[in-house]
1. Given the structure, is PRO366 more than 29 Å from THR127 (Cβ to Cβ) and touching a residue at least 24 places away in the same chain (Cβ under 8 Å)?
2. Looking at ALA416, ALA376, ALA428, which is the one that is surrounded by 19 or more Cβ atoms within 10 Å (Cβ to Cβ), touching a strand residue (DSSP E or B) at 6+ places or on another chain (Cβ under 7 Å) and among the hydrophobic types (A, V, I, L, M, F, W, C)?
3. If SER199 satisfies every condition in (1) in a loop (DSSP other than H, G, I, E, B); (2) closer than 23 Å to ASN51 by Cβ; (3) not aromatic (Phe, Trp, Tyr) but one, which is the exception?
4. Condition first: among the charged types (D, E, K, R) and under 23 Å from LEU353 (Cα atoms). Now tell me which residues in region 82-124 satisfy that.
5. Given the structure, is TYR449 hydroxyl-bearing (Ser, Thr, Tyr), modelled with pLDDT of 95 or more and surrounded by 19 or more Cβ atoms within 10 Å (Cβ to Cβ)?
6. State the number of residues belonging to region 205-234 that are among the aliphatic types (A, V, I, L, M) and without any contact (Cβ under 8 Å) to a residue 24 or more places away in the chain.
7. Please list, ordered by first then second residue, the pairs with beta carbon atoms under 6 Å, 6 or more apart or interchain, first in region 370-391 and farther than 15 Å from HIS300 by Cα, second at pLDDT 95 or above and in a helix (DSSP H, G or I).
8. Quick check on region 337-351: of everything there that is more than 14 Å from LEU297 (Cβ to Cβ) and part of a loop (DSSP other than H, G, I, E, B), which residue is modelled with the lowest pLDDT?
Amino acid sequence: MKIISVVCSRFLILALTLLAGCGGNSSPGTTALSANNVNLIFVVSPDLAYNTPGDIQPDTANLTSQGLNRSLQMASYLKHQVLGERNATRIYTLQPMSHLQTANNYPDMTAITYIQQFAMLNQITLTGAGGYNSPLYTANSFPLNASYADPALGEQALPYQGLEFSATSHNNELLLGTLLYFNNPGFYVFSAPWETINSLMATLKKQYTNLTLPTAYTGSNQVYAISIKSKTATTAASASLVTFNSNLTPLASYPVLPEPVASAACPGPNTTPALFNITATAGATTTGINTNQTMYLIRHAEAHPWSGWDDGNYVAAGQWRALALPNALKGKLNPAPSVVYSIDPAQLYPGSLTIAGNSNFSYVRPSLTVAPYAIANNLPYYLVSQFELFGVTSPADTVQYFFFNPAFSGKTILLAWEHAHFPPIITALLAKYPNPSVKTAPSWPGTDYDTIWRVQLDGSGNLTVDNALCEGIDSASLPVTAPQF
């Protein structure tokens with residue numbers, strides 16, 4: 001860690017020295033930032049320590065409906081008033097597992113949820129199937145950088161790395177130094193709790209000593225931007241703090257979509273996917289399996305507007321599904337979920353190539369798909385970070401984690417995951433039984449975002465898996481642009 005700290009400090013000093021020179025100033029403002037500058041835009045997400053009253057649930061450490069409403073409105077404010085309708089250059093957000101809260105160790109999902117609507121108001125151009133030299137496609141979506149530093153590089157930060165809550169590893173400083181070293185004008189948006197944002201701004205003040213930074217938390221409506229103008233042959237570089245007050249007054253009730261989403265029928269005898277019902281009786285090989293457990297398996301929201309197109313996030317149509325999910329599922333899940341789980345969004349995903357050639361993205365879409373449901377129902381929300389989703393042993397690891405863990409006996413769980421992993425998971429679970437009705441689970445169609453697989457273990461550990469449930473949202477009718485709030 002000492003070596004990393006030295007490298008980080010030298011890199012940051014070099015970056016700031018090359019970019020800066022001397023001084024800076026601070027000034028309030030409400031006009032859009034200049035696209036000619038390096039604009040570091042800091043959006044303060046609520047946590048248990050620093051929040052606007054009513055924005056966060058004290059028992060689950062997640063956003064309230066009011067907090068979600070504020071995030072939806074904040075997205076429009078950022079896009080229209082701060083960026084002046086321009087596209088974001090990068091969006092960085094907190095690694096949720098770096099900030100565990102309450103005695104129950106809930107991950108901080110507020111920072112990533114808080115900036116998701118803004119991500120849907122931006123666009124990215126990627127390749128599709130075939131990678132390099134394949135056609136480019138532009139979609140209403142934007143990747144969120146929430147990933148851990150690459151262990152292969154000695155835990156040092158990469159340009160697509162997410163933010164850590166604590167600055168002890170210096171990865172946040174190195175990330176900031178990397179951005180400043182390359183000195184590419186644009187809009188770099190950071191979403192994190194006040195303590196992390198305050199630390200990032202304090203890092204910049206080490207060089208730009210004339211910057212007058214805020215001395216205390218002033219609420220979730222404040223947005224801070226440090227706009228850096230590069231030095232020229234005749235002028236020194238300068239850094240200015242611009243403070244924006246969005247003056248938002250969000251409602252306390254769950255967000256209402258601008259228009260209702262179209263409904264869809266659940267699978268039937270002659271539909272695709274075809275109905276199935278798999279059963280298996282417990283035996284000697286299932287010793288230790290959980291009992292009285294129900295799991296609902298749902299896929300992430302719409303993510304592929306073009307064959308092979310993938311940025312780790314869902315696209316704008318998926319935002320309609322995610323926000324509609326709490327109402328769509330109301331009364332359909334019996335018993336109702338008592339806890340929500342998803343994969344850690346800080347895991348890297350090999351998506352499609354950008355024009356610049358980057359194909360590494362944070363795999364955020366499953367967790368963000370189910371976040372509104374957890375918020376609307378104030379349910380405990382956990383992330384699975386104990387194993388790698390895309391690792392070879394992932395199906396077996398998932399079975400062991402959820403179905404042979406006594407902590408889940410008697411529980412009803414809503415699990416958001418990657419759809420192609422569900423059949424291998426169920427197949428691995430069936431392999432634990434001596435004589436299941438089938439040995440291999442059916443595939444999950446690539447175009448199907450609506451079906452729900454239900455997994456039930458009775459009081460003896462006997463297994464039933466079926467796909468008779470669905471969310472009831474018509475994918476084909478979802479708009480390709482995000483809902484506006």
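1. The answer is no for PRO366.
2. That would be ALA416, the only listed residue that is surrounded by 19 or more Cβ atoms within 10 Å (Cβ to Cβ), touching a strand residue (DSSP E or B) at 6+ places or on another chain (Cβ under 7 Å) and among the hydrophobic types (A, V, I, L, M, F, W, C).
3. (1)
4. ARG86, ARG90, listed by residue number.
5. Judged against the criteria, TYR449 is a match.
6. 2
7. What qualifies is ILE375/LEU68; ALA376/PRO326; TYR381/ALA374; SER385/MET97; PHE387/ASP397.
8. Among those residues, the one meeting the criterion is GLY351.
The values are calculated or read from the model by the stated rules, or taken from the named source; none is laboratory data. Keep in mind it's a predicted model, so treat the numbers as computed, not measured. Because the Cβ atoms are built from the backbone with ideal geometry, glycine has one as well, and the counts that use them run over all protein chains shown.
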